[in-house]
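The values are calculated or read from the model by the stated rules, or taken from the named source; none is laboratory data. Just so you know, these numbers come straight off a predicted model, no measurement behind them. Here the Cβ positions follow ideal geometry from the backbone for every residue, glycine too, while neighbour counts run over all protein chains shown. We work out accessible area using only protein heavy atoms, side chains counted, and drop any ligands, DNA or RNA first. Shrake-Rupley method; radii C 1.70, N 1.55, O 1.52, S 1.80 Å.
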Amino acid sequence: MFAESLKKPIVALYIRVSTEEQTEGFSLDAQQEVLQEYCTRNNMEIYHTYVDAGFSGKSIEGRPAFREMLHAVPKGHFNVLLCLRLNRLSRNLSDVLHTIDVLEQHEVALHSATEHIQIDNRNMARFIVQMLGATAELERQQISSQVKLAVQLRNKLGKWNAGNQVLGYRWHSNSAQPKLSYVETVPAEADVVRFIYHLYFHEDLGLKAITNRLNKAGHVTKKGFPFSVSAIRSILTNPNYIGMISYSSPYPHSLKREGEKQVIAGEHEPIISKELWEKVQQKLARRSRWPVKKVEHDFILANGLLRCPLCQHGMVSTHVSRKRKNGKISRSYYYTCSRYQRSGTAVCLPNAIRAIEMEQWVLSQLQALFACKSTASQIQQTILVRYKKTIAPLDEHLKRLEKEAVALASRNTRCFELFEDGHLDEHALKERLAGNRAEQIKIEKQQSEIKHKLAGMPQEVPTLQSIETMLARFNILFKNSDLRQRKALLHSLIDRIVIPNDRDITGSTIYGKTAQLGLPTYSEGD
């Protein structure tokens, strides 16, 4: 049950304000004054005031004072938590109920000063909180909906909605007087945008060729990065450049599907003529096509395992098709630098590596490593060290907690003996038992956490023979796995593969995930 009536009302105050509420009568000083007056009127002693200034009620995550207050609950320093309104705790119903559960467990009452609610009874707690919490959550949802509607109205009026994200424009925001905010054209950036449209339509360059041209000339994106193929495509398809505003409909039941892009005339100056923009869209549509045929190769080293020899970024998969004299199409598969693929030769070179040869070499190195008798021994030693560093200390801690629990039970017995002999009065007995109870809860919580950790750990070190058997089955396991499983297996064993500058595969270095299995760094020369 909640706090017993015999306990002295020692109160923790919780205050929260968000930026918007500072101007609506919910300032820090105003809340604290109301709560202090409540405590004076009800003869309550204030233990501590927990304050979260400028935090939203959407969630309890990221609120330092609230988390500090929850951590203090089991220590028994206060038996009442007081807030201005229950939505000060959170506007999220599940968060409020979680807080109630913590308070219930440690017999702490919850009072709301302005709603005249005192939740001291477990049976009524959930009903009251669910009703008020549901109301607060509905209020939060309505606020969110109102914000979306305000943005929608702004969009329909053709107001700028892209901030400073669009190359060619600069947004000047005036938070004090929003109506004075405006967007202007940046001449130098606008020239780059016109140059991109010119290269694509008039010079008939592809997206990759345009990317190369811009990066070699030293041009950068709005955020100061080299251009990429996706950035060029985004510029070529952005209706902002013809004076239009693009936005998504928030209405799931409107004539437009939810999330579908819509455009409306904006208030800003266009950079590109509408005629040129439409011609570019038609050209993009003609050039866009689905892949003719799915690539019939599993690139098992993709997703960051292979590193470019020049820039050390990840390498991605690609292929080249050639038509032979007999009319048949042959395909060659490669790994190439991802930065080159995105931004061209101004950033890095292709540094192409034949995929099949690279994959065969990596698998052969793993097989050689697993066939080495010292590998199994090294893995066993790593597991043993990990066991000694983690499991053994947890076992020892668990034993100490068990001894403390036994000692605590003896102290409880001694308290009752002193009470029966007249050395303790009823008030002193309850205070000592409450202190012991708080300590018992702390011990039980620690025991539960340790047991949970131990449940997820092996309870014994595997034998050398079992490790050798597992390693010997690597080939069979790998061949019988699907692509997703093979990639996952390699990622669990390998951190990265560094290719030398001369791109000689046999000189590559495989860096194993030593934290996983204690595998050594391995290369051809080892």
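Just a few scattered comments:
- Cβ pairs under 6 Å, 6+ apart, first in the stretch 61-80 and aromatic (Phe, Trp, Tyr), second modelled with pLDDT under 90: Phe66/Asp52; Phe66/Ile60
Let's see how each residue does on (1) among the charged types (D, E, K, R); (2) at pLDDT 65 or above; (3) closer than 30 Å to Trp171 by Cα; (4) in a helix (DSSP H, G or I):
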position: Ser94; (1), (2), (3), (4): no, yes, no, yes
position: Leu97; (1), (2), (3), (4): no, yes, no, yes
position: Val102; (1), (2), (3), (4): no, yes, no, yes
position: Ala134; (1), (2), (3), (4): no, no, no, yes
position: Ser145; (1), (2), (3), (4): no, no, yes, yes
position: Leu149; (1), (2), (3), (4): no, no, yes, yes
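- Among (1) out of contact with any helix residue (DSSP H, G or I) (no Cβ under 7 Å at 6 or more places or on another chain); (2) at pLDDT below 90; (3) open to solvent by 50 Å² or more (accessible area, probe 1.4 Å), the one test that His313 misses: (1)
- Test: residue in the stretch 25-44 that is in a strand (DSSP E or B), at pLDDT below 85 and open to solvent by less than 10 Å² (accessible area, probe 1.4 Å): no
- Pairs where the first residue, in the stretch 326-353, is among the β-branched types (Val, Ile, Thr) and the second is part of a strand (DSSP E or B) and open to solvent by 20 Å² or more (accessible area, probe 1.4 Å), C-beta under 9 Å, 6+ apart: Ile329/Ser321; Ile329/Arg322; Ile329/Lys323; Thr336/Val316; Thr336/Ser317; Thr336/Thr318; Ile353/Tyr334
- For the stretch 210-249, a residue qualifies if it is among the small types (Gly, Ala, Ser) and surrounded by fewer than 16 Cβ atoms within 10 Å (Cβ to Cβ), and the qualifying residues are Ala217, Gly218, Gly224, Ser230, Ser234, Ser248.
- Residue in the stretch 318-328 that is open to solvent by less than 30 Å² (accessible area, probe 1.4 Å), within 30 Å of Phe225 (Cβ to Cβ) and either within 31 Å of the chain's Cα centre (by Cα) or modelled with pLDDT of 90 or more (or both) present: no
- Members of the stretch 254-282 found to be at pLDDT below 80, more than 30 Å from the chain's Cα centre (by Cα) and open to solvent by 70 Å² or more (accessible area, probe 1.4 Å), listed by number: Leu255, Lys256
- Which numbered condition Val347 misses (of (1) crowded, with 20+ Cβ neighbours inside 10 Å; (2) closer than 21 Å to Phe478 by Cβ): (2)
- Filter pass, Leu214 being over 29 Å from the mean Cα position of the chain (by Cα), modelled with pLDDT of 90 or more and within 20 Å of Thr345 (Cα to Cα): yes
To keep it simple, each residue is scored yes or no on (1) open to solvent by less than 70 Å² (accessible area, probe 1.4 Å); (2) within 38 Å of the chain's Cα centre (by Cα); (3) of a type outside the set (D, E, K, R).
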position: Ala371; (1), (2), (3): no, no, yes
position: Gln381; (1), (2), (3): no, yes, yes
position: Lys389; (1), (2), (3): no, yes, no
position: Arg400; (1), (2), (3): no, yes, no
position: Lys403; (1), (2), (3): no, no, no
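- In this structure, Glu402 does not satisfy being over 30 Å from Glu468 (Cα atoms) and either in contact with a strand residue (DSSP E or B) (Cβ under 6 Å, 6 or more places away or on another chain) or at pLDDT below 85 (or both).
- In this entry, Arg432 passes the filter for residues that are surrounded by 12 or more Cβ atoms within 10 Å (Cβ to Cβ), among the basic types (Lys, Arg), over 30 Å from Asn303 (Cα atoms) and in contact with a helix residue (DSSP H, G or I) (Cβ under 7 Å, 6 or more places away or on another chain).
- Selection count, the stretch 61-87, where residues are assigned to a helix (DSSP H, G or I) and at pLDDT 80 or above: 12
- The set of residues in the stretch 164-182 being open to solvent by 40 Å² or more (accessible area, probe 1.4 Å) and not hydroxyl-bearing (Ser, Thr, Tyr) consists of Asn164, Gln165, Arg170, Trp171, His172, Asn174, Ala176, Gln177, Pro178, Lys179, Leu180.
- When residues of the stretch 283-303 are limited to those that are under 20 Å from Val229 (Cβ atoms) and surrounded by 10 or more Cβ atoms within 10 Å (Cβ to Cβ), the one modelled with the lowest pLDDT: Val295
- Test result for Tyr333, closer than 27 Å to Pro309 by Cβ and out of contact with any Cys (no Cβ under 7 Å at 6 or more places or on another chain): yes
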